[in-house]
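The values are calculated or read from the model by the stated rules, or taken from the named source; none is laboratory data. Note that the structure is a prediction, hence the values are computed from the model and not measured. In this analysis, Cβ positions are derived from the backbone assuming ideal geometry, glycine residues included, and neighbour counts consider all displayed protein chains. Side chains are part of the model used for accessible areas, which takes the heavy atoms of the whole protein and leaves out ligands, DNA and RNA. Shrake-Rupley method; radii C 1.70, N 1.55, O 1.52, S 1.80 Å.
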Amino acid sequence: VLLLLTAWLSPVAAYAAEPLDPNVDCELIICYTYEGQPIDGAPYCLYRVAEADAEANLTMCEPFSAYPVDYSEMTQEKYRSLAQTLDAYVKMDQLEPDYAGHADENGKVRLTGLKPGLYFLMGQRYIAKDGQYVFTPCLISVPTRLSADGEWIYSVTVLPKCSFQPHGGMG
């Protein structure tokens, strides 16, 4: 079952119709920080959920097209809820990520050569010397439209939300 998404799960349709170039390789930079400090070695697992065409319509990729989730009328809250739902499916089905690894000493991950589409960044738990970090799962549109003139931005930077619990004498 293929599900076609329109409007990029965001208010993209409000912009003038500059076509997306589905053949351009995109870049995703993930910055793992907590209170402005980089988190060296934070793990990441990234999954391609949907591919995009020139009109910014999304077609769900396998195995995500098989999950019974509602992608219509997306709001910020529904976007967060969908990320939580996909996180549960990925863990339950033990899906292999398309990209995985750890952040560098500056807390950064730089992925190049990504095809336009919707990506899911899995929530992760990371135990460091100073305590435990828990990252919130999120959905990322690559490319995205953030500029005032509505141009597509093919290099996207995200800062995953996280919580922190110090070791409290356990380490």
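Annotations for the structure displayed:
- Residue-level analysis places Gln124 outside the set of residues that are within 15 Å of the chain's Cα centre (by Cα), exposed (fewer than 15 other Cβ atoms within 10 Å of the Cβ) and within 23 Å of Thr33 (Cα to Cα).
- Inside segment 53-96, residues that are part of a helix (DSSP H, G or I) and open to solvent by 40 Å² or more (accessible area, probe 1.4 Å) make up a count of 13.
- Verdict on Ala83 being of a type in the set (A, V, I, L, M), within 18 Å of Val142 (Cβ to Cβ) and in contact with a strand residue (DSSP E or B) (Cβ under 6 Å, 6 or more places away or on another chain): yes
- Positions within segment 16-57 being acidic (Asp, Glu), in contact with a Ser or Thr (Cβ under 9 Å, 6 or more places away or on another chain) and at pLDDT below 90, in sequence order: Glu55
- The residue that is most open to solvent (accessible area, probe 1.4 Å), among those in segment 133-154 that are in a strand (DSSP E or B) and in contact with a Pro (Cβ under 8 Å, 6 or more places away or on another chain), is Ile153.
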